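The values are calculated or read from the model by the stated rules, or taken from the named source; none is laboratory data. The shown structure was predicted, so the numbers you read here are calculated from the model rather than taken from an experiment. Neighbour counts are summed over all protein chains in view; Cβ atoms, including those assigned to glycine, are modelled from backbone coordinates with ideal geometry.
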Amino acid sequence: MKLVKVEPKKWELSFDDWNLELNLISSPATVTNSFHIVADFLVDMSEKSPDFEIWLRNFMFEYTKMGVPKEIKPDDETIIKKSTKGRFDLIISEIDNMKKFVDDYIEKLEIDFSQFVDESKAKKSSILFRADEIKKIIKLSGCMKVYSLISNVESMRLDNRLHKRIYNEFTAQLADTEIIRKIYDVVKTKTFRYSITDKYMWEYIRSLLCKEIEDHVIEVFNFIMSSILVLCVPQKNPITYFVGVIDESVKWFLRSVYKDTIIYDDTMSTDELQTPKVDNLNAFCYNDTLARLKSIAFKKLYAEIEEAYNTEFRETQLQDELNQFQVRVESIEYVSPLCDGITFPVISNLTNIPYHYFRNLPPDQAATLSVYTSQLMKKCFGDEFEAVIKMLEYYPEDQPSLTTTYIIKNTELYINLFNQHKDFFSFNNKTYLYSALCHYVGRVSRIDFVHLITGKKLGGIPLTKIEEGMIIFYIKLFSNQFENEFDKMRKIMNSDF
């Protein structure tokens with residue numbers, strides 16, 4: 001077997017009786033630019049295991065046969081779906097073989113992974129990777145290298161939904177351990193150290209880009225798991241590699257903000273200074289859309305009040321209600337947890353405004369957008385999630401608690417629904433959503449809510465009803481069950497604009 005570079009983004013995989021051209025993807029280019037690491041690993045693996053070469057040849061040949069014929073039009077969805085399902089099923093059926101060949105190869109290398117661990121320097125607070133954990137990371141990296149012959153090739157890669165499901169099959173062995181959490185802790189710890197040394201720069205980034213340091217942590221962690229893990233070399237410590245990537249990512253990010261914020265050349269004048277970010281057109285559009293949306297929300301609220309008091313008492317009572325409403329809006333001090341958990345994600349989906357732009361909204365504007373969101377959802381969901389949608393019309397009278405010890409009671413409903421919707425963004429772990437639901441339901445259960453329009457306190461909704469509604473809503477939301485409803489809401493919102 002040979003794997004030879006023909007052009008910067010073109011490689012050729014050749015066997016004794018068959019050749020395959022690999023056109024690597026352009027974006028993201030991380031694996032593409034370092035594909036020689038993948039090639040060296042696979043070629044060496046084939047030399048040490050002839051059975052692997054035979055298996056890989058048959059697997060790749062069978063996979064390419066399942067491609068969409070050239071004469072098929074792109075809109076012939078039936079044939080395309082059949083081809084995609086066949087390819088997906090083939091990969092799933094061969095994952096165990098991939099793992100077996102990689103495991104055997106790593107064992108043949110006889111690497112002493114304990115050389116990467118110095119337990120004598122470990123403290124109680126240290127993030128220590130044991131030798132067996134590093135070995136598991138290297139084995140997973142090897143599996144991802146084999147899979148990259150498909151995932152990193154334009155004509156062979158599957159859509160993101162199926163790719164995530166396959167990726168989760170590979171990472172299942174790590175998901176049941178502490179390894180993934182440790183990798184995340186390394187990213188978080190290293191990044192937050194920079195937040196201490198570059199404190200004012202991060203504050204500047206927060207105000208200019210509406211980006212929190214936690215957002216950067218998650219982005220870097222996802223980058224490591226999706227693009228860097230596959231490039232680990234068996235003979236080198238993967239944790240050291242990860243740490244280097246984290247350091248460079250933070251330095252690059254901080255440096256790029258400096259560079260993009262002020263443009264200069266050899267002859268510079270004050271007219272050439274640009275204080276906003278260079279690509280501020282997006283930010284301007286987001287802010288403009290958000291400002292118009294807030295204006296629409298206020299108009300809708302005023303119209304609702306006017307309609308409610310459009311009687312013979314209009315002149316005397318309407319003005320009092322409008323004044324009381326205005327005073328009530330201006331007195332709102334706290335953002336409802338339901339804004340963070342429902343209102344902002346829904347509006348973000350409808351407008352394509354990034355979620356973090358909503359996090360800086362003042363409480364009064366968040367409350368009005370929440371009521372507007374409830375109006376949209378009523379029109380499209382009807383009586384479904386009635387209790388949850390109704391609560392969007394309320395704002396918290398007191399400071400919502402930041403943490404809670406609440407535990408979801410209806411675990412049977414949660415587990416049954418989760419198992420029904422396997423396509424939960426192809427994410428099979430039930431723990432994370434369960435923890436989020438406990439957090440949100442617990443915070444909501446301890447708040448005294450006030451209706452934004454009437455000023456009446458919330459009452460009469462059993463907590464079990466709220467819990468049930470949020471369980472069903474979030475599981476369906478994260479398994480892409482609301483596409484039709486979101487399309488309807490988007491059309492209504494566009495007509496309001």
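Annotation note: Cβ proximity below 9 Å between a residue of the range 94-112 that is in the same structural domain as Y147 (by TED's automatic domain parsing) and a residue that is of a type in the set (G, A, S) and surrounded by fewer than 18 Cβ atoms within 10 Å (Cβ to Cβ) (sequence gap 6+ or interchain) occurs for F101/S49; D104/S49; Y105/S49; K108/S49; D112/A131. When the helices (runs of 4 or more DSSP H) confined to the range 341-451 are screened for residues that are among the β-branched types (V, I, T) and at pLDDT 75 or above, those reaching at least 3 such residues are found at 344-351, 363-381. Counting only helices (runs of 4 or more DSSP H) wholly contained in the range 162-279, the ones carrying 1 or more residues that are out of contact with any Gly (no Cβ under 9 Å at 6 or more places or on another chain) and modelled with pLDDT of 65 or more occupy 179-197, 213-223, 238-261.
Within the set D44, D40, the sole residue that is within 34 Å of the chain's Cα centre (by Cα), at pLDDT 90 or above, in the same structural domain as E154 (by TED's automatic domain parsing) and farther than 19 Å from M156 by Cβ turns out to be D40. Looking across the range 433-491, the residues that are acidic (D, E) and free of Cβ contacts under 8 Å to residues at least 12 places away in the same chain come down to E483, D487.
What number of residues within the range 110-120 satisfy the criterion of being surrounded by fewer than 18 Cβ atoms within 10 Å (Cβ to Cβ) and either among the aliphatic types (A, V, I, L, M) or in a loop (DSSP other than H, G, I, E, B) (or both)? Final tally of qualifying residues: 4.
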